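Step one of this worksheet: look at the structure below.
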Amino acid sequence: MNNNIDFEEPPVPVTNYDPDDFNAFTSESTEEYHYNPSTFFKIFFPSVLFLFLFSGFTQVDFQNISEPKKVYDNVGSNPANYSKLGQFNVLNEEDLGGNILDTVYTDKDNWLELRIHEQCVIQHWRDGHTVKYLVSTGNKMLDKGLESRPGLFAIFVKEEHHQSSQFQNADMYHFMPFNQGIGFHSIDGTGYYGNLGVRPSSHGCIRMKHEEVKKMFGETELGTLVLAHRGSYARIVAFAPKNYDPKQQTYTKEEYQRMLAENLYNVINGKYYVSDRKFFVVDPLIIPKSGVYTSYDVKVPEKQELPKESMVFRNDVDKLNVPVKNVNAAGSNENIFDEGSWIVEVSTKNVKDEKRSVTSSDDLVKKYFSNPIGVLPYYPPTGGVVKPRKVASN
């Protein structure tokens, strides 16, 4: 058997030709190479042109693609720029949904989120990182016990060593109250550590480990906001620009309360996009010791109302003043000469509903600012009141 495979020799092209003589490629002696320059130009160049144009339509300019930034990162230090935060691009009905909350701005470097249902406190920092601490909150089943209440609060006192006048002079270390007499602290010993992150075990305060509450004590300023909740709330805290000076704001205490009430009212009632929203840094001094209402018992609607605007169409008439026939409903024609232009206005803007404002400003503040659940009962001390001793700070 012959295992050799014979390959057929390829045809030999014509090599003796004049490069300038195109007839050499069209002679009958080169049947394997019927090269016709007219056919070449008819096929090759249209193909190249098609590919060039197609690539132009499909090319993506990756240099113009940038990652979106948070809108409140670019408002600057001018409070007038805060109005830009209320401008939204709503393209369809789905954009009206989502987790819309009332944002309260702080100028501090951190704020505290007390998750009562999870028995922990989250320390939120301006640079985006968070620190989680396990806690044990108030248990109302104990004698004179109070459960921890939801609301927006602010730390109004810091005391390294406090003695409770209500519970037999119990020692409380690195005490930071925010809701009347309730605050973060540690107590003697470590036996209570087993309840941290597990169950409520205190008479009302927020117990923490010694070293952890000491650390948080040193990092927390007076006026730091505390958002306490059980998983349901309609307010959230965010950071104002670093260089923003809240002293630029000249609001009164009553104006702060009314703005906070109006903002929450609009979110809860689906008016987030259509209301005249106010943006400001909250002054912690206007937050009562009973806290600010956070809508813990009312859910935010799944969709907000669609913002509607007025559209004006302008059409410049012919400069030659050609008469325009206006056909009315009766069918008669009327010649109209307009030397300027005509404007047609189609208004789809919502007429402001005066009923949105709850009967009065006082009623609005009472329902959407005040936090009645934060008003705690007072239990008098069982023994004689002992004046707390002063401890020198290190």
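Taken together, V226, V213, V237, V298 contain a single residue that is β-branched (V, I, T), within 16 Å of N110 (Cβ to Cβ) and not in a strand (DSSP E or B), which is V213. Residues in region 231-242 that are in contact with a strand residue (DSSP E or B) (Cβ under 8 Å, 6 or more places away or on another chain) and farther than 13 Å from F153 by Cβ: G231, A234, I236, A238, F239, A240. Pairing each residue of region 185-212 that is farther than 14 Å from Y133 by Cα with any residue that is surrounded by 21 or more Cβ atoms within 10 Å (Cβ to Cβ) and basic (K, R), provided the two are 6+ apart or on different chains, yields C-beta distances under 6 Å for Y192/R207. All of V135, V157 fail the test of being at pLDDT 95 or above and within 22 Å of G374 (Cα to Cα), apart from V135.
Residues checked against (1) in a loop (DSSP other than H, G, I, E, B); (2) in contact with a helix residue (DSSP H, G or I) (Cβ under 9 Å, 6 or more places away or on another chain):
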{"site": "Y105", "(1), (2)": "no, yes"}
{"site": "L114", "(1), (2)": "no, no"}
{"site": "Q123", "(1), (2)": "no, yes"}
{"site": "G128", "(1), (2)": "yes, no"}
{"site": "V131", "(1), (2)": "no, yes"}
{"site": "R149", "(1), (2)": "yes, yes"}
{"site": "H162", "(1), (2)": "no, no"}
{"site": "H174", "(1), (2)": "no, yes"}
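Among the residues making up region 237-253, those that are of a type outside the set (A, V, I, L, M) and in contact (Cβ under 8 Å) with a residue 60 or more places away in the chain are F239, P241, K242, N243, Y244, D245, P246, Q248, Q249. Just one of the listed residues (Y272, Y256) is out of contact with any strand residue (DSSP E or B) (no Cβ under 9 Å at 6 or more places or on another chain) and either aromatic (F, W, Y) or without any contact (Cβ under 8 Å) to a residue 60 or more places away in the chain (or both), namely Y256.
Within region 253-269, is there a residue that is more than 24 Å from the chain's Cα centre (by Cα), buried (at least 16 other Cβ atoms within 10 Å of the Cβ), aromatic (F, W, Y) and at pLDDT 95 or above? Looking for residues that are more than 24 Å from the chain's Cα centre (by Cα), buried (at least 16 other Cβ atoms within 10 Å of the Cβ), aromatic (F, W, Y) and at pLDDT 95 or above, one finds none in region 253-269, hence no.
Taken over region 267-295, the criterion of being β-branched (V, I, T) and either outside any loop (DSSP other than H, G, I, E, B) or closer than 20 Å to V237 by Cβ (or both) is satisfied by V267, I268, V281, V282, I286, I287, V292, T294.
The values are calculated or read from the model by the stated rules, or taken from the named source; none is laboratory data. Since we're looking at a predicted model, the values are computed, not measured. All Cβ positions, glycine included, derive from the backbone under ideal geometry; neighbour counts span all protein chains shown.
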